[in-house]
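The values are calculated or read from the model by the stated rules, or taken from the named source; none is laboratory data. What you are looking at is a predicted structure, and each value in this text was computed from that prediction instead of being measured. With ideal geometry, Cβ positions are generated from the backbone for all residues, glycine too; neighbour counts draw on all protein chains shown.
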Amino acid sequence: MEKFISVFDMFKIGVGPSSSHTLGPWKAALHCMQNYEATTPGAIITQVQVFLYGSLAKTGKGHGTDMAVLMGLLGEDPITTDTSLIHSKVEVITKNQTLLLNGKLKINFNTDTQLLFLKDQSLSHHPNALQFLVTSDDCTKTFTYYSIGGGFIEYENELGVIITPIIEMQNEVPFDFYTTEELLHWCMKTGMSISEVVRENEKSQLNEAAINLQLDNIWQTMFNCMYKGCLTEGVLPGGLQVRRRAFDLNFKLIKQATYQNQQDWVSLIKNGGNDFSYILDWVSCFALAVNEENANFGRVVTAPTNGAAGVIPAVLMYAQIFCNKSTPEDIRNYLMTASAVGALFKTGATISAAMGGCQAEIGVSSAMAAAALTELLGGNQKQCLMAAEIAMEHHLGLTCDPVGGLVQIPCIERNSMGAIKAITAAQLALQSKPDFAVVSLDKVIKTMWNTALDMSVKYKETADGGLAMQIPIALAEC
């Protein structure tokens, strides 16, 4: 049984374009260096080799897995690193064939021979596997890691036991849950909303001021990403020549008006109208902006993954601007409710596209946003979970087939679609009586997992099937 998943486990600040292929390997490299120092005190590293397996190997180039590993070996923190310097730092390593481990120990490092993409090999525990062979004067040690989705990582200890190196709660949480039924039990017993249940659990670890500060930081990071995406034009990296669209759409919707800051921008949007097409365009624009930034190696928040990072902020912006749900407490409650639903999917199925296809990313993010929006709009606990069920039910079977192994086509547009589906699911739930529903969220989660097991591996983030096979330019890039 997994530990309770905190809202701060579910929402992580990091670097795009992929939580499983970029952030996870980055964190694995950081952890490997810490692990080596802890288990081999005093040893001086002379060589590091990195092997990427399965999905990490097949789509790692497009996802920047190699760059992420190098940044982790440098000791760079994905939360604070200057994203504008990532490419130049990697270029220095490649050109000089040297690497400064943890920013202090220079070793020789040839990216062609010491960072290998083993496309025809995989490890049994998870498709996203990587190994570090760390050599000192005395011996070589192997460290095996798995990037299991959403920026979560696992590793094998010396006995081959799988360990999840996330910070454990210091105290037991008062309302632990792993299924919808258990979550509803606590809601009905206490009379608390889903967000209130989550907050009480978080308070067993942090004081309320710290919780609010971290939640506010998560939202501000999401908002900054969205705002930057709407202000940035050009073509995304990777070779597909995908033109950024949020810039043009934003410029058109605000009718070419000028603004000086984020607050002015929001005011312009609010004052621009509220007809259906206008709202629809803005929700799409918000989602596009986030995931264009994500595709450009920008700073994003996993929600629950990087590839699906645009859905939850886009729906929250919709709630703030068009539903007048914009107080700090509204925003915090939204994030906490969303995280509860994300935790249900992580414990009951997966949030890894390499395990479950895109239903595990866009589908889960849409379900999270639907539940959170429903609570903001006055829905009860059962209606919130009904909204999550509706959203996922209509993403079941969604494949992950990234063209060229890049988080661009069809990933960016899918965030807009996921956001719109979340809003529709919330409205349906608000107009429904959950007691009459035939399908529960637990049943949908189980169905999603069974669908994932049945899905061909070529539709699980390998670029070996679907759209990825229809674009000749992309095939050359893989």
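For the reader, a short list of remarks on this structure follows.
- Residue count for the range 83-134, restricted to those that are of a type in the set (Phe, Trp, Tyr), under 25 Å from the mean Cα position of the chain (by Cα) and not in a strand (DSSP E or B): 0.
- Some residue of the range 216-232 being over 23 Å from Val15 (Cα atoms), crowded, with 16+ Cβ neighbours inside 10 Å and small (Gly, Ala, Ser): no
- Residue that is nearest to Lys325 (Cα to Cα) [pool: residues in the range 224-244 that are in a loop (DSSP other than H, G, I, E, B) and without any contact (Cβ under 8 Å) to a residue 24 or more places away in the chain]: Glu233
- Look at (1) closer than 23 Å to Asn108 by Cβ; (2) modelled with pLDDT of 90 or more and you find that Lys27 fails only one, number (1).
- From Glu461, Glu389, residue being crowded, with 24+ Cβ neighbours inside 10 Å, within 23 Å of the chain's Cα centre (by Cα) and at positive phi: Glu461
- From the list Pro78, Pro25, the lone residue that is in the same structural domain as Phe143 (by TED's automatic domain parsing), buried (at least 18 other Cβ atoms within 10 Å of the Cβ) and either small (Gly, Ala, Ser) or assigned to a helix (DSSP H, G or I) (or both) is Pro25.
- When the range 178-209 is filtered for residues that are in contact (Cβ under 8 Å) with a residue 24 or more places away in the chain and part of a loop (DSSP other than H, G, I, E, B), the ones remaining, listed by number, are Tyr178, Thr179, Ser193, Ser204, Gln205.
- Set Lys346, Lys325: member being assigned to a loop (DSSP other than H, G, I, E, B), of a type in the set (Lys, Arg) and in the same structural domain as Glu361 (by TED's automatic domain parsing): Lys325
- Scanning the range 35-46 for residues that are modelled with pLDDT of 90 or more and loosely packed, with under 13 Cβ neighbours inside 10 Å gives a single hit, Ile44.
- Condition check for Glu196: at negative phi and either in the same structural domain as Ala314 (by TED's automatic domain parsing) or surrounded by 15 or more Cβ atoms within 10 Å (Cβ to Cβ) (or both): yes
- Odd one out for Phe436 among (1) out of contact with any Ser or Thr (no Cβ under 7 Å at 6 or more places or on another chain); (2) surrounded by 17 or more Cβ atoms within 10 Å (Cβ to Cβ); (3) not hydroxyl-bearing (Ser, Thr, Tyr): (2)
- Looking only at the range 245-303, residues that are part of a loop (DSSP other than H, G, I, E, B), within 26 Å of the chain's Cα centre (by Cα) and of a type outside the set (Val, Ile, Thr) come to 5 in all.
- Matching residues, the range 181-195, being more than 16 Å from Lys3 (Cα to Cα) and either in contact with a helix residue (DSSP H, G or I) (Cβ under 8 Å, 6 or more places away or on another chain) or of a type in the set (A, V, I, L, M) (or both): Glu181, Leu184, Trp186, Cys187, Met188, Thr190, Met192, Ser193, Ile194, Ser195
- The numbered conditions (1) at pLDDT below 95; (2) surrounded by 13 or more Cβ atoms within 10 Å (Cβ to Cβ) are all true for Asp137 except (2).
- Complete set of residues in the range 241-291 that are farther than 20 Å from Ile312 by Cβ and of a type in the set (Ser, Thr, Tyr): Thr258, Tyr259, Ser267, Ser277, Tyr278
- Per the listing Thr179, Thr142, Thr111, the residue uniquely hydroxyl-bearing (Ser, Thr, Tyr) and touching a strand residue (DSSP E or B) at 6+ places or on another chain (Cβ under 6 Å) is Thr142.
- Of all residues making up the range 1-22, the number that are in a helix (DSSP H, G or I) and buried (at least 24 other Cβ atoms within 10 Å of the Cβ): 6
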